[in-house]
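What follows draws every value from the coordinates through simple rules; no lab data is involved. Just so we're clear, the structure is a prediction, and the values are computed from it rather than from any experiment. Please note: Cβ atoms are built from the backbone with ideal geometry, for glycine as well, and neighbour counts cover all protein chains shown.
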Ligand SMILES: [Zn+2]
């Protein structure tokens, strides 16, 4: 094993990444070193890089990432299920490390623990550089939930597991039992596509996908959506499409658009539930009639990030469905780590769902 790693450091919005060679870390108990094999550029990486949201700097971005265990401490490390990890195991891991006995973990909201170590989001400290996916290695901290990637799943399929698919698994968990229910997925980007496929996996009766981009809404039919809806239609026009099919019992919003979330509430069946995961940027306030919520017995739930059990569910989902749905096709371009600047430009301008980064 080489004893040096290389990280691509982000220091300022739209400034080129600069390569920083660093020594491999000495591992403490509970930690692991991973040699990164593939990373996909998540939309939130783009938001950070293009200055659309604040982030601590300097940092190593990238959190949709997989790799092989390169070294372990003397007493070893167990995966999420308590099995010993071995050198060479191909793994994904929770996007954050947390104290499993902490107050928020005990409340069932570990993603809001303090402190929380979030991969791809941490400021670089002197000897602590390898915290993101755009590097040759990632230093997994104590309290990270690590999962082996099942055989047969390709890198393009697996990299989005620990952000996209795990977050959607959290939304599906909050939505409750979907069997026999009609689901509307708002936003047909990477999260929305995952939500269509996962709603089918969870035995939804009919899955509708809605987006302003007709091409994206149509594409979601390759991933389990039964009907594509143009988000420009009015609530009345949408009702004409959905009512003959039984209306909508569950809305999963991945768009974050206030107008879309209002439309979702307006068309929800009595007893319906709306789960919001897309609103991770500031938007205008939602207009909501409380009497409607009460009389129609509606539920609204928000979700930010996910719990480790969601990543476990996402891996089972991908294992069961990756031969059915063309997830690999969502990563349309690969570039090596040394061309990270070019990769971000392609990801920002092309409209690709994802761009992948391979080792040099
Ligand atoms: Zn992400």
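Sorted from largest down, give the three principal axis spans of the alpha carbons of the chain, whole angstrom values.
Ordered largest first, the chain gives principal extents of 63, 41, 38 Å.
Using label points projected 7 Å from each Cα along Cα→Cβ, tell me how many nm separate residue 290 and residue 68, to one decimal.
The answer from the label model is 6.0 nm.
How big is the antiparallel share of DSSP beta bridges in the chain, given as a percent to the nearest 5? Intermediate results must be reported in sequence, preceding the final value.
Values: 32 of 59 bridges.
Looking only at bridges with both residues in the chain, the antiparallel portion is about 55 percent.
Relative contact order for the chain using alpha-carbon pairs under 8 Å, separation at least 6, rounded to a whole percent?
Details: 800 pairs, mean separation 61.2, N = 360.
With pairs under 8 Å counted, the relative contact order is 17 percent.
Defining a contact as two alpha carbons under 8 Å apart and six or more residues distant in sequence, what relative contact order in percent does region 165-302 show? Could the numbers behind the result be given before it?
Numbers: 281 pairs, mean separation 31.0, N = 138.
After rounding, I find 22 percent.
Report, to two decimal places, the Cα Rg of region 165-302 normalised by 2.2 N^0.38 Å (N = number of residues). If you can, show how the numbers build up before the last one.
Values: Rg = 13.2 Å, N = 138, 2.2 N^0.38 = 14.3 Å.
That ratio works out to 0.93.
Please work out how much length the chain gains when fully extended from residue 301 to residue 215, using 0.36 nm per residue of separation minus the C-alpha to C-alpha distance, in nm with one decimal. Walk me through the numbers on the way to the answer.
Working: separation 86, 0.36 × 86 = 30.96 nm, distance 2.86 nm.
Residue separation times 0.36 nm, minus the Cα-Cα distance, leaves 28.1 nm.
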